[in-house]
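Here the structure is laid out as structure tokens; the discussion comes afterwards.
The values are calculated or read from the model by the stated rules, or taken from the named source; none is laboratory data. Note that the structure is predicted; figures quoted are calculated from it, not measured. Heads up, the Cβs are rebuilt from the backbone with ideal geometry, glycines too, and the neighbour counts pull from every protein chain shown. These area figures cover heavy atoms from the full protein model, side chains too; ligands, DNA and RNA do not enter into them. Shrake-Rupley method; radii C 1.70, N 1.55, O 1.52, S 1.80 Å.
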Amino acid sequence: MQQIDATQLGGVPIHGGVADFETRLANAFAQIEVEALPLWRQGKVADYIPELGEIDPNQFGMCITTIDGGMHTFGESAKPFSIQSISKLFTLELLVELLGESVWEHIGRSPTNSAFNSLGWLEQEKGKPYNPFVNAGALAVTDRIMNSTAMALHSILQHIRQLAGDQSIQINDRVGDSERATCWRNLSIAYLMKSFGTVTGPVETLLDVYCDQCAIELTCEQLARAGLLFVRGGIDHFGNQVLTPTSTDRINALLATAGMYDGAGEFAFRVGLPAKSGVGGGILAISPGKMAIAAWGPALDATGQSIVGLKALEILASHLELSVFRHQCGV
Ligand code: GLU
């Protein structure tokens, strides 16, 4: 395992080392309580997947894992939730592990101002997805994992368990079945891509795997631990170099530009970190070289991001001076 100097936790701006970091964290948590938590009333749970529509919107948890393995929690950080599109980060990472940089021959790297599940543009792009995080891109990634491994769903689940260091992680079958019964748009996207040859395997089987990968449940604590890989230049929780630093930097760049879909610009403006959201209400944000932050609150804003999670991350990033766009000249 890498040895990391804990006094550098906050990097350049945390002038006072660990004690100052903990004071800033306590101040951030206090502000989150007052300013972020009440916002759940302005959001709405994702009811287009009927099972998710049943979830109590007034819940919130957060976990921060620092580069040295330290963990700081807030609220319901140990409650499992449906990771939904956050799974797309882990499938992309798995595919880059399997195929290396050739992944990018079939998947673009452009941000989009369309919704995550829109498909109008896909016809013009001849079935090549804009990026790996819109549904079209994630379906192409899962299709390629299915071409590369015999038991794709098992590999995806095992991979997430390994990154989180927890074999108890499971798929919520009710959520998977609920999405499968209503996934008409995703089926349309996959069939259109199949007509262009950018999806190669059987569409119905692809959707089976995709719906189940989205229905994997993690707690904020497990998710933040799994996120450490992207903090540490490809070194996982156990100290194994799983991905090259260059590939990790590139995935972080795509998270920053496309991880929050058409909300990516707003997120960069308010928080300034690479991040991936899911309609289950989770957000995983990466502060490269410093920390991974998992936030979860099921009530969503109009772009499908956790309304409390977004505000909480904004407050935390401000107190800890985490924005990757922050000036580094020491004033
Ligand atoms: N399973 C969801 C879908 O495909 C994931 C969307 C999301 O979390 O952003 O619609």
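General observations
- MET146 contributes an accessible area of around 50 Å² to the protein surface, as traced by a 1.4 Å probe with all chains present.
- The residue list CYS183, PHE29, GLY120 was ranked by how far each Cα lies along the charge dipole of the chain toward its positive end, using unit charges on Cβ atoms, and GLY120 comes out on top.
- Percent carbon-and-sulfur accessible area, the chain, ignoring ligands, DNA and RNA, probe 1.4 Å: 53 percent
- The stretch 212-284: C-alpha gyration tensor shape, a/c 1.5 cut-off, then a/b vs b/c: oblate
- Summed residue charge, Cβ within 10 Å of ALA312's Cβ, Lys/Arg positive, Asp/Glu negative: -2
- For the chain, calculated [θ]222 nm from helices alone, where every DSSP H run of n ≥ 4 adds -39500 (n - 2.57): -13000 deg cm²/dmol
- Cα pair distances of the stretch 86-214 binned at 10 Å [whole percent]: 13, 46, 34, 7, 0
- Accessible area in square angstrom per residue, the stretch 113-185, 1.4 angstrom probe: 44 Å²
- Using alpha-carbon coordinates, inclination of helix 307-320 to the longest axis of the chain, degrees: 40 degrees
- Taking Cβ atoms as reference points and 15 Å as the exclusive limit, the residues near PRO298 contribute a net charge of -3, counting Lys and Arg as +1 and Asp and Glu as -1.
- Cα-only Debye scattering, the chain: base-10 log of I(q)/I(0) at q = 0.09, 0.10, 0.13, 0.14 Å⁻¹: -0.42, -0.52, -0.90, -1.05
- Contour minus Cα-Cα distance for TYR191 and ASP56 (0.36 nm per residue): 45.2 nm
- Protein heavy-atom accessible surface, 1.4 Å probe, per residue over the stretch 223-316: 24 Å².
- Measuring from each cysteine beta-carbon in the chain, the ones with no other cysteine beta-carbon under 4.7 angstrom are CYS183, CYS211, CYS214, CYS329.
- Scoring 75-85, 117-127 by mean Cβ neighbours within 10 Å over their residues and listing the highest first yields 75-85, 117-127.
- Environment charge of GLY234, counting only residues whose C-beta is closer than 10 Å and scoring Lys/Arg +1, Asp/Glu -1: -3
- Peptide packing: for 225-234, 55-64, 93-102, the average count of neighbouring Cβ atoms within 10 Å per residue gives the ranking 225-234, 55-64, 93-102, highest mean first.
- Relative to the longest principal axis of the Cα atoms of the chain, helix 87-99 runs at roughly 70 degrees.
- Cα gyration tensor shape for the stretch 17-110, rounded if a/c is under 1.5, else prolate or oblate: oblate
- Angle between the chain longest axis and helix 184-196 axis [Cα atoms, degrees, rounded to 10]: 70 degrees
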